[in-house]
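Below is one structure, written out as structure tokens; the observations come after it.
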Amino acid sequence: MLAAYITHTDCQKHDMGNQHPECPERLGAVNDQLLIKGLLDYMDQLDAPLATREQLARAHSEFYLDEFAEIAQSVPDGGHRQIDPDTNINEFSYQAALRAAGAAVLATNLVAAGQAPVAFCNIRPPGHHAERSNAGGFCFFNNVVVGIRHALAQHGMERVALIDFDVHHGNGSEDILFDDQRVLMCSIFEKNLYPFCGDVPMGANMINVGLPSRSGSEAFRQAVMDAWLPALEKFQPQMIFISAGFDGHREDDMGNLALVESDYEWVTKQLVQIAQKYCQGRIVSCLEGGYDLSSLGRSATAHVRVLIGAD
């Protein structure tokens, strides 16, 4: 049984303007490295469907869904609309966002039903900064939370873990999930970096670890061992979702944690071990950040190699 690899060409049509770091080429950088390393031979390549209104409404308010759809419809052909100082949409962004969230739903269906052991979603726009009623930080729909809420609503899951190792704290995921005791969210991020929060968790189900700039591999791994692993052992999740951001790499100037590919390989191994112990191996991973194309491709490949058991 092959791991699932889910993406869509619509996700490459979303464009926020020249020189924007969250660019369409990010998906190609990941795909090319997976292809070069032969990992796609071990994965079932699938097109992401469009997320439905019902699926999105488990994570976002009805008002926000209406508002974003209305704004998206007003974008002129070849033009952009600004959502926040760093986030724009073009005429293809809404469709891309629906595909990105739909990828998480399809991945959830396949993994929860035992039709794929694990899934990796190579998608954009990313999602973990999208709050219940607000877009921002390059994000529109919270893809991974849409998947989590689908697992809880449609697949009978009672305990689901969300792991976020993006260099930026997943404030959107925390905003939606902080009072949902069915979900344990574990986040490691760089302090004093966008979105400038996370140091004080919003709920008891949030394990947030902010690390100083240039913390490096040893501090990152120690935080995983001290904070994440004991919490996961106690929680005993039935399924694990990963917000897989690779912008903590030392070559990525969006952050300064100074991580390397081997750190993403190592943390994935820890999560796979937890999944094998409690989750029948079930993991869904969704691409979040990572803006230096070379280090993004290499880091995502290191992550996927372990995820699919090709290490």
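So the values come out like this:
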{"quantity": "Lys/Arg +1, Asp/Glu -1 at C-beta; the stretch 30-108 dipole; positive extreme among N88, T52, G38", "calculated": "G38"}
{"quantity": "Distance in nm between pseudo-label sites at R182 and Q95 (7 Å out along the Cβ direction from Cα)", "calculated": "3.3 nm"}
{"quantity": "Sequence-distant residues sharing a close amide H with M239 (under 5 Å, placed H)", "calculated": "A161"}
{"quantity": "Cα centroid separation, the stretch 147-184 to the stretch 286-311 (Å)", "calculated": "21 Å"}
{"quantity": "Distant-in-sequence amide H partners of C186 (H built 1.01 Å from N, under 5 Å)", "calculated": "L162, I163, D164, I207"}
{"quantity": "The stretch 1-152: relative contact order as a whole-number percent, Cα under 8 Å and 6+ apart", "calculated": "34 percent"}
{"quantity": "Dipole magnitude of the stretch 107-190 about its Cα centre (Cβ charges: Lys, Arg +1; Asp, Glu -1), debye to nearest 20", "calculated": "320 debye"}
{"quantity": "Relative contact order (percent, whole number), the chain, Cα cutoff 8 Å, 6+ residue spacing", "calculated": "20 percent"}
{"quantity": "³J(HN,Hα), Karplus 6.51/-1.76/1.60, whole Hz, each residue of the stretch 135-152, x for Gly, Pro", "calculated": "8, x, x, 6, 10, 10, 10, 7, 3, 5, 6, 4, x, 4, 5, 5, 4, 6"}
{"quantity": "Residue (of A130, P230, F165) at the positive-pole extreme of the stretch 3-307, dipole from beta-carbon charges", "calculated": "P230"}
{"quantity": "Per-residue HN-Hα couplings for the stretch 63-70 [Karplus 6.51, -1.76, 1.60; θ = phi - 60°; Hz; x = Gly/Pro]", "calculated": "4, 5, 4, 5, 5, 5, 4, 5"}
{"quantity": "Tensor-based shape of the stretch 52-181 (alpha-carbon gyration tensor, a/c under 1.5 rounded, otherwise prolate or oblate)", "calculated": "prolate"}
{"quantity": "Cut-off under 5 Å, modelled amide H: who pairs with H249 long-range", "calculated": "L259"}
{"quantity": "Prolate/oblate/rounded call for the stretch 3-307, Cα gyration tensor, a/c under 1.5 rounded", "calculated": "rounded"}
{"quantity": "The chain - charge dipole about Cα centre, Lys and Arg +1 at Cβ, Asp and Glu -1, debye rounded to 20", "calculated": "900 debye"}
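Throughout, read-outs are computed from the coordinates displayed, never taken from laboratory work. This is a predicted model, so every value here is computed, not measured. Here Cβ is always computed from backbone atoms with ideal geometry, including for glycine, and neighbour counts include all displayed protein chains.
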